[in-house]
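The values are calculated or read from the model by the stated rules, or taken from the named source; none is laboratory data. Please read these numbers as outputs of a predicted model, since none were measured by experiment. So basically every Cβ, Gly included, is an ideal-geometry build from the backbone, and we count neighbours across all protein chains shown.
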Amino acid sequence: MNEDSSADGGRSDREGRRTSGGGHQHGGARRGDGQPGDGRGGDGRGGDSRPRAGRPVRDRPNGGRPARQRTAQRPADRARDADPARRAAYDTLRTVADSDSYANLTLPPLLRQRGIRGRDAAFATELAYGTLRYRDRYDAVIATVSARPLAQLDPPVLDVLRLGVHQVLAMRVPDHAAVSATVGLARGTVGAGSAQFVNAILRQVTGRPLEEWLEIIGAETADETERLAVTTSHPSWIVRALRHALSETPEGADDLPALLDADNAAPAVTVVLRPGLATTEDVPDAEPGRWTSTARVLTHGDPAALDVVRHARAGVQDEGSQLVTLAAAAAQVDGPDTTWLDLCAGPGGKAALFGALLAERAPGGVLIANEFSPHRTRLVEQSTAALREILPGLDVRTGDGREVGPEDAGNPDGFDRVLVDVPCTGLGALRRRPESRWRRTPKDLATLGPLQRELLTAALQATRPGGVVAYVTCSPHVAETRTVVQDVLKRTEHAELLNAVEIAAQVTTTPLPAQDGPFLQLWPHRHGTDAMFLALIRR
Ligand SMILES: C[S@@+](CC[C@H](N)C(=O)[O-])C[C@H]1O[C@@H](n2cnc3c(N)ncnc32)[C@H](O)[C@@H]1O
C-alpha cells in the first residue's frame, strides 16, 4: 500500500552492501486528520497543531512573560502515569533513537498492537512525527531554560521534554494538560526525580507562545542560514542545499522559508488510480488531484481500508511521483514502444503506474521491474500484484541495475523506454520522513553521486536508439539532479536532452507554474508535491 514502506529507499554501494538511501514513502496522519478536539478525559488533547499567535517578546509586560494559565492541580491530582497515546509516541522516539528505525515503520504497528485507534492514534502520530521534525527547534528552546546542558541530559529524559514542548508549542493541548500528562509520562518512563525536572522545564516553556520562542532562539545567531536552521528545525547544510537549488530557478530563493515550513507539514494522503485497474468511484471520499487525472486526495479515512488499495489496483503515492511517471511514459520514442524497464523499482509505486500506462498502450508489452534489494523486490511484487491482470508481460526481478543491459530487453537493440528513479538523499520528501533530516549528512552525497551516475549510464546503455530514458530523484539537491545528468551526458554519445517541462505540461490537468526547461523540478511549497526532479533523454 505504501509508496515506500521501507522509508529510506535503501541503496546498494559498489560492493552490494545495503546502506541508507533515498526512496519515497507515505508517512503519518494528515495534518488535522482526527486531531482530537473534544477535551475528553481532561488530558487536553484538543485541536490542531497550528502555532499560537502572540505578541513579540518586546511588547510583553513582565519581562515578556504573558499571563498563561498554570495548572491548578496539585501534583497528586495529575495523571499518575503515561496515557497510551503519549506512551506510544515516546516509545516510537526511543526506538527511532536506539535502533535507527523509521518512525513511520515503528509507530503504526505499535498502535495496532496496543489497540490505539481513531483520535488517539492520530494524536500519537502527530505527537511523534511532529516532535521528530521539530527536534532541533525544541532542543534550542529547552537549552534556553535548562540549567543543565542538553548533552548532560539522559536521552530518554530529553525525548520526554521534546514531547512536552511539542504539545505546548505546536498542538492545541492546554498548558496544564500538556505539563501534567508529560510529567505523568516522565514518571512512568524515566522516574520520579526526572519528572520533577521535566515539570520545572515545561512550566518555563509554557510561559511564552511559539512566536516569542522563535525570536529568542533565532536571536542567538547573526547568521541567516543558522537562524533559519534552528527556527525551522533543519540541519544547516540542508538549508544551504535547498537555497542553492531554489536559486537555480527563475523565481530565486526568496521563498526558502516557505519551503522549510512545507517540510514541516504532514502531506495530504494522495492515492493513485492505476489506469485500467481503478476508477474514481473506487475512492469516493476524495477530491481530484491538483495536476494529474490519476491522483485522488483523501478527504478523510485510512487509505489502507480501501479495497482498491488493499488489492493494489490503487496505491498511496505522492502526486509529484505520479506526474513524473506520466511524463516518463508520455515522451515520444521513435519506433515501437512496447518494451519498458524500471531499473530501480522498489517498492514499486512508479512501476505499478508505469506498467498500467504500458498496458493501455500495448497490452502485450513487457515491463521489467528491477530492484536491488530482495526485500524491496517483494514490495514491488505487492505493488504490482493487480498489474499482472492487464500486463501479463510484467517481470519483477532482483538485481543490480548497473548490470542490466540491452540484451535483457529480449531483442538485440534494447529497451524502448527506461525509468531510472535513483537512490538519493530524499531531501525532496522530508515532510514524509520525520527523522530523515537528522540522519542524512553531506557525506551521503559522496556515496550516492557515483551510484547515480552509474545507474543513469546503465539506463542509457540499456535503451535502444530512439528510445527514451527518464532520470528521476526525490531530491532537489543540484548534486543529485542536473549535475548527474550533465556529467553523464558529457560522456555519452547520441543522447538528446528533451524538454521535460513541456512534456509534463502535456499530461497535467492544470497548467504547471512556468519554469525553464529542460529539467522539471517540483517543490512542496510551489506545487504541493514532493520535490521530484525529472530529466528526459532520447537515445
Ligand atoms: C528512490 S527508490 C525507487 C522508488 C521506486 N521507483 C518507487 O516509485 O516505488 C530507489 C531504489 O533503488 C534501489 N537500488 C539501490 N541500488 C540499486 C542498484 N544498484 N540497482 C538497482 N536498484 C538499486 C533501492 O533499493 C531503492 O529501492
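Descriptive notes on the structure:
- Residue in segment 351-358 that is outside any helix (DSSP H, G or I) and in contact (Cβ under 8 Å) with a residue 12 or more places away in the chain present: no
- Selection of segment 288-347 for residues being aliphatic (A, V, I, L, M) and in contact with a His (Cβ under 7 Å, 6 or more places away or on another chain) yields only V316.
- Across segment 330-372, the number of residues qualifying as within 8 Å of the ligand (Cβ to nearest atom) and surrounded by fewer than 20 Cβ atoms within 10 Å (Cβ to Cβ) comes to 0.
- Residue under evaluation R433, criteria (1) in contact with a Pro (Cβ under 8 Å, 6 or more places away or on another chain); (2) within 16 Å of the ligand (Cβ to nearest atom); (3) closer than 24 Å to D139 by Cα, criterion not met: (1)
- Any helices (runs of 4 or more DSSP H) falling wholly within segment 245-337 and containing at least 1 residues that are of a type in the set (G, A, S) and under 27 Å from F415 (Cα atoms): 319-330
- For segment 455-471, the criterion of being buried (at least 16 other Cβ atoms within 10 Å of the Cβ), away from the ligand (no atom under 15 Å from the Cβ), more than 14 Å from P423 (Cα to Cα) and polar (S, T, N, Q) is met by at least one residue.
- A Cβ distance below 7 Å, combined with a sequence gap of six or more or placement on separate chains, defines the contacts here; from segment 396-413, residues that are among the aliphatic types (A, V, I, L, M) reach residues that are modelled with pLDDT of 95 or more and more than 16 Å from the ligand (Cβ to nearest atom) in the pairs A409/T339.
- Some residue of segment 298-308 being within 27 Å of L512 (Cα to Cα) and modelled with pLDDT of 95 or more: yes
- Hey, T447 at pLDDT 95 or above, among the hydroxyl-bearing types (S, T, Y), surrounded by fewer than 19 Cβ atoms within 10 Å (Cβ to Cβ) and within 16 Å of the ligand (Cβ to nearest atom) or not: yes
Rundown of residues vs (1) buried (at least 20 other Cβ atoms within 10 Å of the Cβ); (2) more than 20 Å from R87 (Cβ to Cβ); (3) not polar (S, T, N, Q), yes/no style:
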{"residue": "L110", "(1), (2), (3)": "no, no, yes"}
{"residue": "R117", "(1), (2), (3)": "no, no, yes"}
{"residue": "T144", "(1), (2), (3)": "no, yes, no"}
{"residue": "V168", "(1), (2), (3)": "yes, no, yes"}
{"residue": "M171", "(1), (2), (3)": "yes, no, yes"}
{"residue": "H176", "(1), (2), (3)": "no, no, yes"}
{"residue": "V179", "(1), (2), (3)": "yes, no, yes"}
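- Residue selected from segment 475-518 under the condition charged (D, E, K, R) and surrounded by fewer than 15 Cβ atoms within 10 Å (Cβ to Cβ), by the criterion nearest to S436 (Cα to Cα): D516
- The residue that is nearest to L427 (Cα to Cα), among those in segment 217-249 that are without any contact (Cβ under 8 Å) to a residue 12 or more places away in the chain and not acidic (D, E), is S236.
- Any pair with Cβ under 8 angstrom, 6 or more apart, that starts in segment 316-345 at a residue that is at positive phi and ends at one that is acidic (D, E): G335/D416
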